[in-house]
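Just so it is clear, none of the values below were taken in a lab; they were calculated from the coordinates. What you see is a predicted model; the values in this text were computed from it and never measured. In this analysis, Cβ positions are derived from the backbone assuming ideal geometry, glycine residues included, and neighbour counts consider all displayed protein chains.
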Amino acid sequence: MIKVGDIVVAIAGKEKNQKFVVVDCDENYFYIANGKRVKISKPKKKNAKHIQKASKLIFPLSELNCLDEMKVNASIRKFLKEED
């Protein structure tokens, strides 16, 4: 089960094999960001069947609620880089 804060890998689309952090979700879709091309201000909408969980690590949810968008994008980039 994928939740907000999980690290996922896109398995379809032009983002295939790239890592992302889940920043939001609804019934059928997850909204993902990597802090580079797909920023927190406009996360990518992905169907649940096009992503899979990549790690047991979870991005700290308190940072997602930070007011400064640039800091959040930077911490997502740093978190994903350290995860490699």
Taking every pair of Cα atoms in the chain, average 1/r, invert it to obtain the Kirkwood radius, and report Rg/Rh to two decimals. 0.92
Estimated dipole of the chain in Debye, rounded to 20 [Cβ of Lys and Arg +1, of Asp and Glu -1, Cα centre]: 400 debye
How much net charge surrounds residue 12 when only the other residues with a Cβ under 11 Å from the Cβ of residue 12 are counted, with Lys and Arg +1 and Asp and Glu -1? +3
Per residue convex hull volume, Cα atoms of the range 17-57, in Å³: 78 Å³
Pairing the Cα long axis of helix 69-83 with the longest principal axis of the chain, what angle in degrees results, from 0 to 90 and rounded to the nearest 10? 60 degrees
What are the residues whose amide H is under 5 Å from the amide H of residue 11, where those residues sit 5 or more places off or on another chain and H is modelled from the backbone? 17, 51, 52
Value of relative contact order over the chain, rounded to a whole percent, pairs C-alpha under 8 Å and six or more apart: 31 percent
